[in-house]
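Have a look at the structure below, then the notes.
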């Protein structure tokens, strides 16, 4: 695999990570007021809210992976 192709794949992966983090955090902070108090993040201390926020980011990343894999699959058909 040529270096340029490797960089493009790496850049695409990091772009997916960035999108997942941003969208996951936006979703979390939109629904945070409706979450139970224990699942809300409190500034400057580790809590369950941090894990819930992480879960939103991971879920968005999984959705992005699913969509991109389906799009790649359609291109090969």
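The values are calculated or read from the model by the stated rules, or taken from the named source; none is laboratory data. All of these numbers come straight from a predicted model, not from anything done at the bench. Virtual Cβ from ideal backbone geometry, glycine too; neighbours counted across all protein chains shown.
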Looking at 54, 63, can you tell me which residue is exposed (fewer than 14 other Cβ atoms within 10 Å of the Cβ), at pLDDT 95 or above, in a helix (DSSP H, G or I) and within 13 Å of the chain's Cα centre (by Cα)? 63
Looking only at residues in the range 11-32 that are surrounded by fewer than 11 Cβ atoms within 10 Å (Cβ to Cβ) and at pLDDT 95 or above, which one is farthest from residue 65 (Cα to Cα)? 30
Given the conditions (1) at pLDDT below 95; (2) touching a helix residue (DSSP H, G or I) at 6+ places or on another chain (Cβ under 6 Å), and given that residue 46 satisfies all but one, which numbered condition is not satisfied? (2)
Restricting to the range 21-39, what's the tally of residues that are over 18 Å from the mean Cα position of the chain (by Cα) and closer than 13 Å to residue 55 by Cα? 1
